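All remarks here apply to the structure that follows.
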Amino acid sequence: MNQTTEEPIGRRHFMERAILGIFGALGLMLSAPIIGYILSPIFRVRENLAQSTRWAPIASLAEMESIGDLPRMFQVPYFVKEGWRTRETSRPVFAVKKGGKLALFSSFCTHLGCPTAWDEAKRMIICPCHGGLYNNFGEVIGGPPPRNLAEMEYKVENGLVYLKDPANVYEVGWKDPRRPA
Ligand code: FES
């Protein structure tokens with residue numbers, strides 16, 4: 001007698017659990033993207049920190065040694081992660097001998113971050129955006145730039161010159177207009 005009364009209750013429990021399980025799985029599936037969105041800044045910060053200690057090869061030491069006191073521009077290739085994909089890009093930097101020592105500096109104007117270029121005829125670095133002018137060592141000689149082009153860190157290893165953190169355009173000199181001063 002007991003067996004016949006227990007069976008429908010067992011089936012009902014089973015059905016309740018199955019329905020709960022299905023809804024639980026559906027809830028997890030639907031909330032996964034939201035949780036991922038909430039946690040993604042943590043992963044982005046980790047990625048940025050990893051990038052900030054990167055060294056990118058620029059050129060051989062022999063090539064750098066051949067540079068004089070007129071700046072030469074190098075495009076330093078590096079990879080950036082955008083969501084799920086990784087793409088290659090490059091960072092332009094000037095290399096010059098200053099007092100007989102190699103110096104690297106950012107080519108981004110310290111006014112509003114436009115890319116600058118060496119003008120061979122005028123013998124100065126020119127920013128085309130608002131007429132900023134720098135000498136061959138990246139020092140301001142005219143126009144609105146508030147400070148010299150930012151010097152960048154480098155190291156020499158196994159005959160190669162490496163640039164520190166090519167992706168970091170914010171901390172090496174130019175003012176990001178979206179950030180407060
Ligand atoms: S951004 Fe270079 S002078 Fe304004």
### Query
Check ILE141: other-chain or 5+ apart residues with amide H under 5 Å from its amide H, H built from backbone geometry?
LEU133, TYR134, ASN135
## Note on the structure
By Cβ neighbour count within 10 Å, fewest first, LYS101, LYS155, LYS164 rank LYS101, LYS155, LYS164
### Query
Among the lysines, which have Cα under 21 Å from the Cα of LYS155 when same-chain residues fewer than 8 positions away are ignored?
LYS97, LYS98, LYS101, LYS164
### Query
In terms of modelled amide H atoms, which long-range or inter-chain residues lie less than 5 Å from the amide H of ARG91?
VAL76, TYR78
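When a footprinting reagent is the concern and you count Cβ atoms within 10 Å, what order do VAL156, VAL76 take, fewest first? Before the final figure, lay out each step's value.
Details: VAL156 12, VAL76 20.
Ranked by crowding around the Cβ, least crowded first: VAL156, VAL76.
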### Table column - 3J(HN,Hα) (Hz), region 141-155, Karplus curve with 6.51, -1.76, 1.60, x for Gly and Pro
10, x, x, x, x, x, 7, 5, 4, 6, 6, 10, 7, 9, 9
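Calculate how large, on average over all directions, the projected area of the Cα convex hull of region 56-164 is; give the answer in nm² to one decimal.
Details: hull surface 31.2 nm².
Hull-based average projected area comes out at 7.8 nm².
Values quoted throughout were computed directly from the atomic coordinates according to the rules given, and no laboratory measurement underlies them. Since the model is a prediction, treat every value here as computed from it, not as a measurement. Positions of Cβ are backbone-derived with ideal geometry, glycine not excepted, and every protein chain shown enters the neighbour counts.
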